[in-house]
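Okay, structure first, notes after.
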Amino acid sequence: MHTAVISDIHGNLPALKAVLEHIDGQNVDRIICLGDILGYGPYPVECVDIVAERCEWSLMGNHDFGVLYEPTNFNVAAEQAAYWSREQFELESNNGDAKKRWEFLSQLRVRITEGDFLYVHGSPRRPINEYLFPEDAMNSPVKMQQIFDLVDKYALVGHTHVPGIFTDEPDFYPPDDLDGVYKFNDDEKVIINPGSVGQPRDLDPRASYAILDDDSVRFFRLEYDIEAIASKIRATPELLDWLGDRLFEGR
Ligand code: ZN
């Protein structure tokens, strides 16, 4: 089974399209999404429609939750973007499918298990909101232990927008250190972050996703039209310009 794993799209339609086009050439059996379809980006409605159509399922991320219910612990730009995104679902021109979209968003789960695999947006401890940062592997042994205790064998997480593999040593490996492929070992647990489609934060501005195979995971980075999304953000007064500027830097 080959599963394309996408996460943290954040309303970035050009990035999502580039990733899906690449996935379509990879012979995958299905696509799943670890959440944060919404937030920051100017194409919330389009991205929800595509995820609903193309993904077998999606999790609920903190930004999806923020748009659907209430943005909590967000900075001003993120909060403003959440309210703006919610408005887009209410606009008359979108209304034909408004009910369907709200239903899709409200049925998103926060945690899914399939055999040895656990899927959450944030962390196994706090599925929507906790960040599992690469530096935690070095600096936070208790946190890592508690999190790995909740993992049977494999977990997939998003939320930090930083792709890579955590092992229960604990250790963290960015995809560049692995030549883009990590083969699972029988005697270890791993947590995989596919990175972010729509807002990478590892100083590489290219869209990120991963393909999960039976005994390994492959990471991919893709160029997309960042200027197109940044100019759309600039043209949307409710979305602050720096939300577009940061995309060029991957942070
Ligand atoms: Zn996110």
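The values are calculated or read from the model by the stated rules, or taken from the named source; none is laboratory data. Quantities reported herein were computed from a predicted structural model and do not represent experimental measurements. Quick reminder, even Gly has a Cβ in these numbers, built from the backbone with ideal geometry, and neighbours come from all protein chains shown. What goes into the accessible areas is simple: the full protein's heavy atoms, side chains included, and nothing from ligands, DNA or RNA. Shrake-Rupley method; radii C 1.70, N 1.55, O 1.52, S 1.80 Å.
Does GLU238 qualify as being assigned to a helix (DSSP H, G or I) and over 18 Å from ASP36 (Cβ atoms)?
Values: assigned to a helix (DSSP H, G or I): no; over 18 Å from ASP36 (Cβ atoms): yes.
For GLU238, the condition - assigned to a helix (DSSP H, G or I) and over 18 Å from ASP36 (Cβ atoms) - is not met.
Here are some conditions: (1) in a helix (DSSP H, G or I); (2) at pLDDT 95 or above; (3) not aliphatic (A, V, I, L, M). TYR83 meets all but one. Which one does it not meet?
(2)
Among the residues of region 32-56, write down those that are among the aromatic types (Phe, Trp, Tyr) and open to solvent by less than 30 Å² (accessible area, probe 1.4 Å).
We begin by selecting, within region 32-56, every residue among the aromatic types (Phe, Trp, Tyr); these are 40, 43.
Hit for region 32-56 is TYR40, nothing else.
Within region 130-172, how many residues turn out to be touching a Gly at 6+ places or on another chain (Cβ under 7 Å) and within 14 Å of the ligand (Cβ to nearest atom)? Break it down stepwise before answering.
So the first thing to find is which residues in region 130-172 are touching a Gly at 6+ places or on another chain (Cβ under 7 Å), and the list is 130-131, 134, 157-159, 161-163, 172.
Cutting the leftovers down to within 14 Å of the ligand (Cβ to nearest atom) gives us 130-131, 157-159, 161-163.
Going through region 130-172 one residue at a time, the tally reaches 8.
Suppose we keep only residues that are open to solvent by less than 20 Å² (accessible area, probe 1.4 Å) and at pLDDT below 90 within region 86-110. Which one would you say is farthest from the ligand (Cβ to nearest atom)?
Going through the qualifying residues, I end up with ALA98.
Tell me which residues, restricted to region 208-239, are open to solvent by 20 Å² or more (accessible area, probe 1.4 Å) and more than 30 Å from PHE166 (Cβ to Cβ).
Matches in region 208-239: ASP225, GLU227, ALA228, SER231, LYS232, ARG234, ALA235, PRO237, GLU238.
Quick one: in region 184-202, of everything that is farther than 20 Å from PRO14 by Cβ and in contact with an Asp or Glu (Cβ under 8 Å, 6 or more places away or on another chain), which residue is most open to solvent (accessible area, probe 1.4 Å)?
Only one residue fits best here, namely LYS189.
For the list (1) touching a helix residue (DSSP H, G or I) at 6+ places or on another chain (Cβ under 7 Å); (2) open to solvent by less than 60 Å² (accessible area, probe 1.4 Å); (3) within 13 Å of the ligand (Cβ to nearest atom), I need the number of the one condition that ASN62 fails.
Every listed condition holds for ASN62 apart from (1).
Scan region 111-129 and tell me whether some residue there is within 16 Å of the ligand (Cβ to nearest atom) and surrounded by fewer than 19 Cβ atoms within 10 Å (Cβ to Cβ). First the steps, then the outcome.
Of the residues in region 111-129, the ones within 16 Å of the ligand (Cβ to nearest atom) are 119-123, 126-129.
When the remaining residues are screened for being surrounded by fewer than 19 Cβ atoms within 10 Å (Cβ to Cβ), the result is 126, 129.
Yes, region 111-129 has at least one match.
Considering region 1-31 alone, what residues qualify as being within 20 Å of ARG251 (Cβ to Cβ) and open to solvent by 10 Å² or more (accessible area, probe 1.4 Å)?
PRO14, ALA18
Please work out which residue is farthest from TYR43 (Cα to Cα), limiting yourself to region 166-183 and to residues that are open to solvent by 50 Å² or more (accessible area, probe 1.4 Å) and assigned to a loop (DSSP other than H, G, I, E, B). So that I can check it myself, show each step before the final result.
Here is the first cut: in region 166-183, the ones open to solvent by 50 Å² or more (accessible area, probe 1.4 Å) are 168-169, 171, 173, 176-177, 179, 181, 183.
Remaining after also requiring assigned to a loop (DSSP other than H, G, I, E, B): 168-169, 179.
Numbers: ASP168: 37, GLU169: 40, ASP179: 33 Å.
Top of the filtered list is GLU169.
Could you tell me which residue of region 1-40 is nearest to GLN107 (Cα to Cα), considering only residues that are within 16 Å of the ligand (Cβ to nearest atom) and among the polar types (S, T, N, Q)?
Across region 1-40, the extreme among qualifying residues is SER7.
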